[in-house]
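Reviewing the structure listed below.
The values are calculated or read from the model by the stated rules, or taken from the named source; none is laboratory data. Source: prediction; values computed, not measured. Virtual Cβ from ideal backbone geometry, glycine too; neighbours counted across all protein chains shown. Side chains are part of the model used for accessible areas, which takes the heavy atoms of the whole protein and leaves out ligands, DNA and RNA. Shrake-Rupley method; radii C 1.70, N 1.55, O 1.52, S 1.80 Å.
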Amino acid sequence: MKRFILVSVVIAAAILCSAGQNYVSGATNTGKIGYVDIGKVFDEYGKTKAEEDGLEKIKKEKDTKIDEMEKEIKKMKDELVLLSDKKKEEKQSDIDKKIKSLNEYRKGVIDDLTKLKDEKIRDIIKEIEKVIQEYGENEGYSLIINDRVLLYKDKGYDLTEKIIKILNDGYKK
């Protein structure tokens, strides 16, 4: 998310610099200007919630398997006390293998979920950007920027709710 904000700031700065150069060179553009709170759009987009719910479901399934693996290890440790020394060594070796397997599985789950979450976020951000671009083109905007780069903003230029409505209406279909 931090990378997205940084990219947005750089793009907005480049656009503003370009607009400033056009003004200085005498080129005037009387098009419309607006801004969007990308964070709010992301948070209130129905697809974001659906994707989060899907990821949470996957996480719960993986957590169930982790719990089962932990219970198996605990059971094996409990059995360890009742065994002879030779059998204890063999059992401990099995326990160590199970612990290693559990740790690898746990790390894999975390890595997979992180990668999947990042992909989902990227896809949603691309979709939001596409809707904003299409909205800007269709409504005759010269400039729509992320509100996080603004030091002052007049609420009359805020397009956030319109973009949220467009996204959610399209998602419901």
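Show which lysines lie in cross-link reach of LYS162 when reach means a straight Cα distance below 21 angstrom and same-chain residues fewer than eight apart are skipped.
Filter leaves LYS32, LYS40, LYS47, LYS49, LYS126, LYS130, LYS153, LYS172, LYS173.
Subtracting the Cα-Cα distance from 0.36 nm times the residue separation, let me have the gained length for LYS117 to ASN168 in nm, one decimal.
Using 0.36 nm per residue and subtracting the Cα-Cα distance, I get 16.3 nm.
Per 0.36 nm of contour for each residue apart, how much would the distance between ILE58 and LYS153 grow if the chain were fully extended, relative to their Cα-Cα spacing?
Additional length available on full extension: 30.1 nm.
Within segment 91-134, list the trypsin sites (Lys or Arg not before Pro) lying in a DSSP loop whose Cβ has at most 10 other Cβ atoms in a 10 Å radius.
none
Taking every eigenvalue of the Cα gyration tensor of segment 42-173, multiplying by 5 and rooting it, what semi-axes result, largest first, whole Å?
Value: 54, 13, 11 Å, ordered largest first.
ASP67: net charge of surrounding residues, Cβ under 13 Å, Lys/Arg +1, Asp/Glu -1, itself excluded?
+3
Could you list the chymotrypsin sites (Phe, Trp or Tyr not before Pro) in segment 130-173 that lie in coil according to DSSP, counting only those with at most 11 other Cβ atoms within 10 Å of their Cβ?
Counting only loop positions with at most 11 other Cβ atoms within 10 Å, the chymotrypsin sites (Phe, Trp or Tyr not before Pro) in segment 130-173 are TYR152.
Report in % the part of the accessible area of segment 32-173 that belongs to carbon and sulfur, leaving out ligands and nucleic acids; probe 1.4 Å.
That share works out to 51 percent.
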